[in-house]
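**Student:** This structure is in structure tokens; I'll ask about it shortly.
The values are calculated or read from the model by the stated rules, or taken from the named source; none is laboratory data. None of these values were measured; they are calculated from a predicted model. All Cβ positions, even for glycine, are placed from backbone atoms using ideal geometry, and neighbour counts span all protein chains on display. Accessible surface is based on the protein model in full, side chains and every heavy atom, while ligands, DNA and RNA are left aside. Shrake-Rupley method; radii C 1.70, N 1.55, O 1.52, S 1.80 Å.
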Amino acid sequence: MNAHMSWPGQILELFSVAEQAIRQIPPAFPLEATVAVNPWLGQVKEDRLIAAARLARVGGGRIFLPRQTAAAMIAAGDVLPEDLAAAAAAHGMTPDALIRATQENGPDPDPLPTVADLVQKASGINWPDLIEERIGLWAAAYFDRGQAFWPAPGGSAWTAWRAFASRDLTPDIAGLSGFSARVVSTPTDAHGTFADACRVLGITPAVAGLYFHRLLTTLSGWGQYARHLGWVAERDGTHDGTLFDLLTVRLVWEVALLDAGGNAGVHAWERARSDYALPVKPSIETTIDAALQAAVDRSGERRLALDLAGNSAKASLDRPAIQAAFCIDVRSERLRRALEASDQTLRTIGFAGFFGLPVLHHGHASDIAEARSPILLSPQVLTTTPGDEMSDRIRLRAVRAWGRFKRAAVSAFAFVEAAGPLYVAKLLHDGLGHTTKAAAESAPRLDLPLGARIDAAAGILHAMSLTSGFARLVLICGHGATVTNAPHASALQCGACGGHAGDVNARLVAALLNDRDVRIGLVDRGIDIPDDTHFIAGLHDTVSDNVQLFEDWLSAVPARDLDRLVAALRRASGLVRTERAVTMPRGRAEKLAKRGQDWSELRPEWGLAGCRAFIAAPRSRTAGRDLGGQVFLHDYDWSQDREAATLDLILRAPVVVASWIALQYHGSAVAPDTFGAGNKLLHNVVGGIGILEGNGGALRVGLPMQSLQDGAALRHVPKRLVVAVEAPEAMILDVLRRQPDVRALFDNGWLSLASIDGMTGLIRWYEEGKFTGREGTVTPIPAAA
């Protein structure tokens, strides 16, 4: 940066730097459709060690697991000496140095100070907490999505906050005299206020990157929620400036506190400000933590290699009686294994749970459009649920009106006094878990012309590696979780369906593949579905492990095939419940279903805790192997994918979604104060969008502590997700060359990548742009065209 650049020129660059800092913040999605997010989404294009050093300076939480966790794993023999030796060598250390480091806790976080931190130190007043509390109070009203009866005024975030803060006397009472008047005097445009604040604070482009990032982290979950608005807008080709407005709000506080600090505060800030211009370099302590994490990561890689050791199951060439397609979700692994053990003629398939059909779904009598697809996609296909909408709309509106009457400020107390006793029976009934399950809606309808339906069906079957060998009965089975009194319920649903259950997508795909006109069109695509093949849809409840079969197409299925499937599902469900029960606190196989109906249950199920690997390979590679319900399983046959189109799709969509899931669990485990939702016992829903731990302050994002640990130990070991692909290495490397964003996940250490040799089962690891094996040969990545 030219030191003599004019102030207008510097401001333009500062705007650009602010946008870059905003992209360092991960998005947090609302409760109604919570999807897992990589908490380090903004850092994936840089090495994990550098990212850890950056976050340490801006107060962005830790990336690597605590040293005590590594020490326990070493003592238990989970991390072997060879794991430590390899990790130490890669980081320029010795194994003994790493072992010694595990006996220490490491230094406490010491982020760069903001003006608020400096004035707190001088005055003794906790300004950072006050700022968080006041911004949180305003944000809860501004971002509200229907929970409040009296909505906050609209407009931009800057306009709304300016109106709020100009009337908020709390800062003045706390000692920041004239703050509300100062807010009134700010420009009505956020960009103008931003420019004025940067000038007063002496912010230059050299210090702005880390300083803006530091301020954004102090916004906690509110900043991440605002970032989700911008992230979605960018995905859809538009722009949202909400987080920039919040950054401007935070700068206004900094300027006010700088004035309040007097000359001493100005001098302290000038000294602190210069540190923001220093380059990001990892400290020796951060490097030690990175090496210990790498050793734990290597132990996970070694474990997967042992899981897959030996010959794969011999694929049968006979036509199966039944095929069942499940989501790749790790919770499906147990059910798939149990089903195959229950009926030797039944074969399972793993595929992303939206089953290749991204849709915007309108439920019966609803105006709400639910995005039933991975959050990476912006679905455009509309679906509806038929029925008598008018009568149901009237009924639902009456229910909503009655609900608002019961909770309104004027009528609430009188209602409780008069009608409260009438609800005793219902309260007891629901409190004891005797809830009535709602009936399934009518089958959804897909609004697409025939040509588009044929294209969709062909794409789905190719992506599933299911273009021949169809069974007489094919089950398309989504998954969902039946829970109550659980604000984070959508986090237990299907991530590939945008935080909703997978029933809609499964029913749509079954109908699509049963469509006679679609089948005729598929013949021209080289896909001939036999006339006696019937597709049906089901839903796997991951709390009870029961599978519901929808009646849409059951009447056309021969009784012998349907009875065989129902019997196999019943046996498999019992096996899975028995296996899962031993992992749950107070777990009893016959009581698992009740956990989802218990208002007081903190752990209805473990969700995806423990997820550790993603395997894209024929089912024969993993059939019969107990992977503990911890591995994403995507069926993939590279011999049907000569152009690598399906592999390209797998790596840039399901693998990325799986990485977001694994890294969210990782972040909530290693940095619970930054990326965790705290204690469920203290949760209060705010604005219908998120959680407060208590009655105010920071919006808590990520996963609650009860989703990660059983009260005594972590159920999710923070280690790198291993992606294993059975395909020629040259094919994998060619896809990485075409997808640099995916390649960055592996090159920068966020994920591990392995190739599986289809003939020998040999696993080789991707490192520094090539695959290496014990034999010492390498397959380098091809040069870009």
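**Student:** Run down 149, 143 and say which single residue is touching a helix residue (DSSP H, G or I) at 6+ places or on another chain (Cβ under 8 Å), open to solvent by 30 Å² or more (accessible area, probe 1.4 Å) and in contact (Cβ under 8 Å) with a residue 40 or more places away in the chain.
**Tutor:** 149
**Student:** Considering 763, 732, which residue is aliphatic (A, V, I, L, M) and buried (at least 23 other Cβ atoms within 10 Å of the Cβ)? Before the answer, list the steps.
**Tutor:** Numbers: 763 fails: buried (at least 23 other Cβ atoms within 10 Å of the Cβ).
Result of the check over 763, 732: 732.
**Student:** Residues being buried (at least 18 other Cβ atoms within 10 Å of the Cβ) and closer than 22 Å to residue 332 by Cα: count how many of those fall in the stretch 549-569.
**Tutor:** Residues that pass the stated criteria total 7.
**Student:** Something else now. Cβ-Cβ under 6 Å, sequence separation 6+ or interchain: first residue in the stretch 172-189 and under 16 Å from residue 249 (Cα atoms), partner of a type in the set (Ser, Thr, Tyr). Which pairs?
**Tutor:** Partner pairs satisfying both residue conditions: 180/166; 183/166; 184/166; 186/193; 187/193.
**Student:** Filter the stretch 51-72 for residues that are under 18 Å from residue 295 (Cα atoms) and either within 24 Å of the chain's Cα centre (by Cα) or surrounded by 21 or more Cβ atoms within 10 Å (Cβ to Cβ) (or both) and give the result.
**Tutor:** 52, 62, 63, 64, 65, 66, 69, 70, listed by residue number.
**Student:** Please list, ordered by first then second residue, the pairs with beta carbon atoms under 6 Å, 6 or more apart or interchain, first in the stretch 450-477 and within 23 Å of residue 550 (Cα to Cα), second assigned to a loop (DSSP other than H, G, I, E, B) and of a type in the set (D, E, K, R).
**Tutor:** 472/532
A quick yes/no check of all residues on (1) in a loop (DSSP other than H, G, I, E, B); (2) at pLDDT 95 or above:
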site: 725; (1), (2): no, yes
site: 734; (1), (2): no, yes
site: 737; (1), (2): no, yes
site: 741; (1), (2): no, yes
site: 744; (1), (2): no, yes
site: 750; (1), (2): yes, yes
site: 754; (1), (2): no, yes
site: 761; (1), (2): yes, no
site: 765; (1), (2): no, yes
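**Student:** Quickly run through the stretch 467-498 and pick out the residues that are open to solvent by less than 20 Å² (accessible area, probe 1.4 Å), touching a strand residue (DSSP E or B) at 6+ places or on another chain (Cβ under 6 Å) and not in a strand (DSSP E or B).
**Tutor:** The answer is 471, 497, 498.
**Student:** Shifting gears a bit: Check whether at least one residue in the stretch 188-203 is of a type outside the set (A, V, I, L, M, F, W, C), at positive phi and outside any helix (DSSP H, G or I), and report yes or no.
**Tutor:** yes
**Student:** Hey, another quick one. For the stretch 675-685, state whether one or more residues are in contact with a helix residue (DSSP H, G or I) (Cβ under 8 Å, 6 or more places away or on another chain), of a type outside the set (A, V, I, L, M, F, W, C) and surrounded by fewer than 18 Cβ atoms within 10 Å (Cβ to Cβ).
**Tutor:** Taking every residue of the stretch 675-685 in turn, at least one turns out to be in contact with a helix residue (DSSP H, G or I) (Cβ under 8 Å, 6 or more places away or on another chain), of a type outside the set (A, V, I, L, M, F, W, C) and surrounded by fewer than 18 Cβ atoms within 10 Å (Cβ to Cβ).
**Student:** Sort out for me the helices (runs of 4 or more DSSP H) sitting completely within the stretch 109-168 that have 3 or more residues that are under 18 Å from residue 211 (Cβ atoms) and modelled with pLDDT of 95 or more.
**Tutor:** It comes to 115-123, 127-142.
**Student:** Another question about this same structure. Is it the case that the stretch 585-603 has a residue that's assigned to a loop (DSSP other than H, G, I, E, B), in contact with a helix residue (DSSP H, G or I) (Cβ under 7 Å, 6 or more places away or on another chain) and open to solvent by less than 10 Å² (accessible area, probe 1.4 Å)?
**Tutor:** no
**Student:** Next question. Being of a type in the set (Gly, Ala, Ser) and in a loop (DSSP other than H, G, I, E, B) is true for just one of 332, 316. Which residue is that? Break it down into steps so the answer makes sense when it comes.
**Tutor:** Details: 332 fails: in a loop (DSSP other than H, G, I, E, B).
Matching residue, one of 332, 316: 316.
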